[in-house]
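Undergrad: Dropping a structure here in structure tokens format, bear with me for questions.
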Amino acid sequence: MKWMTRLGLAAAALMLAGAPAGALDLTKKRQNLPDLVLGNDEGNDFVVENKDIELEAGKAYRLRIVAKGRQEYKFYAPEFFRYIWFNQIVIEHKEIHGGGPPDHLEFDDPGEIAIEFVAIKPGAYKWYAQGLEEKGMAGTITVK
């Protein structure tokens, strides 16, 4: 019985101590991805730049989603959002930190939202601008 108490105390000490001294902080070595751009400056609200993106599981990334068109873009990527770890969402130099993924990201006007994350689970994940899929506002984020 004493060994169980000692084991419990040792486990608690490890949890309180945090990560091992040699552990890698993935958020410090993130890679900036090419911007995913919705619409353009020439008046085409339905063109997408960089609609298909490839990532590697276990690596940290920063993806800027930029709305240049004049549409209301509701950016959905439910499966992708479920299988990444969010470090933060940045809007106009304001950071959002939370315990879970957002339902979607919405643009009422031109602007940008950056997501910083670690890709966790390999797979091909669809993203789309709700209601605009038939106009080409969709793509794939592939995690290898």
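The values are calculated or read from the model by the stated rules, or taken from the named source; none is laboratory data. Note that the structure is a prediction, hence the values are computed from the model and not measured. Accessible surface is based on the protein model in full, side chains and every heavy atom, while ligands, DNA and RNA are left aside. Shrake-Rupley method; radii C 1.70, N 1.55, O 1.52, S 1.80 Å.
Undergrad: Carbon-plus-sulfur fraction of the accessible area of the stretch 19-124, 1.4 Å probe, in percent? Write down the numbers at each step before the final one.
TA: Numbers: 2920 of 6240 Å².
Carbon and sulfur together cover 47 percent of it.
Undergrad: Moving to a separate point now. From the cross-link list Lys29/Lys94; Lys29/Lys74; Lys68/Lys94; Lys94/Lys135, which pairs have alpha carbons spaced over 23 Å apart? Each step should come with its number before you reach the end.
TA: Values: Lys29/Lys94 21 Å; Lys29/Lys74 29 Å; Lys68/Lys94 20 Å; Lys94/Lys135 31 Å.
Lys29/Lys74; Lys94/Lys135, as the Cα separations exceed 23 Å there.
Undergrad: Something else now. Lys126 to Glu92: extension gain in nm, 0.36 nm per residue of separation minus the Cα-Cα distance? Present the calculation step by step, with values, prior to reporting the outcome.
TA: Values: separation 34, 0.36 × 34 = 12.24 nm, distance 2.60 nm.
Here the answer is 9.6 nm.
Undergrad: Expressed as a rounded percentage, what relative contact order does the stretch 85-144 have, with Cα pairs under 8 Å and six or more residues apart? Could you put the intermediate results ahead of the total?
TA: On the way: 70 pairs, mean separation 18.8, N = 60.
Here the relative contact order equals 31 percent.
Undergrad: Follow-up question, since we're still on this one. Hey, what's the stretch 22-144 come to in accessible area per residue, 1.4 Å probe, Å²? Walk me through the numbers on the way to the answer.
TA: Working: 6990 Å² over 123 residues.
With the other protein chains kept in place, the stretch 22-144 gives 57 Å² per residue.
Undergrad: Could you name the aspartates and glutamates whose alpha carbon sits less than 20 Å from that of Lys144, not counting residues in the same chain fewer than 8 places away?
TA: Result set, ordered by chain and number: Asp35, Asp52, Glu54, Glu56, Glu79, Glu116.
Undergrad: Pulled fully out, how much extra length does the chain show between Asn50 and Trp85, if you take 0.36 nm times their separation in residues and subtract their Cα-Cα distance? Each step should come with its number before you reach the end.
TA: Numbers: separation 35, 0.36 × 35 = 12.60 nm, distance 2.19 nm.
Using 0.36 nm per residue and subtracting the Cα-Cα distance, I get 10.4 nm.
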